[in-house]
1. Can you give the accessible area of residue 324 in Å² (nearest 10), computed on protein heavy atoms with a 1.4 Å probe?
2. About the Cα centre of the range 45-155, what is the dipole size in debye to 20, counting +1 per Lys and Arg Cβ and -1 per Asp and Glu Cβ, all else neutral?
3. Counting each DSSP H run of 4 or more residues in the chain as -39500 (n - 2.57), what helix-only mean residue ellipticity at 222 nm follows after dividing by all residues, to the nearest 500 deg cm²/dmol?
4. How would you order 171-184, 99-112 from highest to lowest mean count of nearby Cβ atoms within 10 Å?
5. Per the 1.4 Å probe, what fraction of the accessible area of the chain, in percent, lies on carbon and sulfur atoms?
6. Compute the separation of the alpha-carbon centres of the range 213-274 and the range 24-64 and state it in Å as a whole number.
7. Say R0 is 22 Å: what FRET efficiency, to the nearest 0.05, do residue 152 and residue 57 get from their beta-carbon distance?
8. Tell me the Kirkwood radius of the range 1-134: reciprocal of the mean inverse pair distance over distinct alpha-carbon atoms, in Å.
Amino acid sequence: MLDYKIEIPYRDLRVKDGKLKRELLEAVERVLSHGRIILGPEVEEFELAVARDCQKRYAVGVNSGTDALYLALRALGVGPGDEVITVPLSWIATLNAIVMCGAAPVFVDIKDDLNINEELIAGAITKKTKAVIPVHFTGRMCAMGRIMEIAAEFGISVVEDAAQSYGSRIGDRPSGSFGVVNCFSMNPMKVFCGYGEAGAIVTDDAAIWQKLLALRYNGTINKEDCHYPSLNGRIDTVQAAMMLVEMRYLAGKIDRRRKIAAFYDEALKDVVVCPPDDGTFHTYYSYTVVVQDRDALKDYLLSRGVETKIQHPLLLPYHTAYRHLHGYDIPNAARLVKKILSIPNQDNLTQEEIEYVASCIIDFYGRG
Ligand SMILES: *Cc1c(COP(=O)(O)O)cnc(C)c1O
């Protein structure tokens, strides 16, 4: 299939907006001039801005969303003998973070909206359960009100995997504002992105914040005495500087993604299952449809020059490293993982391009 010419890539990470590009380059130039290359002044500014956006007191910039998850669990003291509940449909980082802490993952099935089925959480809690990680998949908010209630009732921590959902919200409560310590990725694929690897952790808890600052740099206090064995998860100043620029464009990018989603909703509602409208503010990290004949549709779209993505083709317990985790009761995830397809929805697509994508999908089902 690779010999087809891709006319509409799933993502195009080139910066085509001249004004944005100029501002990004100026930000890089400022960092080169002041020379504080790691954890420089822009990092502090970035952390303040992220904390404010998430209605939390503290934010800690880190190397990646993966680091954010790992360090968040470490800061909560999650380790060997503990269980952490999460979903089978996510990027593998969610599971790796749990396992790298030495804890055991427990999988709870998803709903048709691809998020954790909150009503199954209580049944998965044991004496060993330390935390639950709801993943705001595709940028859609999980049912956080109910999840927080259940967590409080059983005395477990909530860690939001908000890697895909910066800016999403339920009413006026943004993703990252609910759990005790919450994680973002700003990798270049994400809606709020850096230009390399980056992530952030937010919390209201001063003790957790202090521990995160140590864990971020080999577990050291004052860069000298190691209190907790850890690795190096610091963030580059240049990423923070570029993300401060990016932040000013974020509302516009989210608005454009929501408009693209509204167009697809209307154009495709009779041919595929579109993301349901549940009244939350969805930022559409991906526009993921549930379809019949998914693999044939994917191939057909590629033959028409449209690149799509399956996020993710392997459920977490079915990765090679985790074969021993087979046997979970996750029928909805097992069904949906064969039907999901993410279609191009980046904010830089033109109206003509999204109309073309929609028409190709309609053509595929119209062929009978
Ligand atoms: C992107 C992502 C991560 C990991 O983020 P990186 O910055 O790529 O390490 C974790 N969880 C989910 C759900 C993600 O989409």
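The values are calculated or read from the model by the stated rules, or taken from the named source; none is laboratory data. Everything numeric in this text was worked out from a predicted model, so none of it was measured. Methodologically, a virtual Cβ is constructed for each residue, glycine included, from the backbone with ideal geometry; neighbour enumeration extends over all protein chains shown. Each accessible area value is taken on the protein alone, full model and side chains, heavy atoms only, with ligands, DNA and RNA left out. Shrake-Rupley method; radii C 1.70, N 1.55, O 1.52, S 1.80 Å.
1. Estimated to the nearest 10 Å², residue 324 gives 140 Å².
2. 260 debye
3. Theoretical 222 nm ellipticity from helices: -12000 deg cm²/dmol.
4. Highest-to-lowest ranking by the protection proxy: 171-184, 99-112.
5. About 53 percent, which is the carbon plus sulfur part of the accessible surface.
6. 12 Å
7. Efficiency, rounded to the nearest 0.05: 0.65.
8. 18.5 Å
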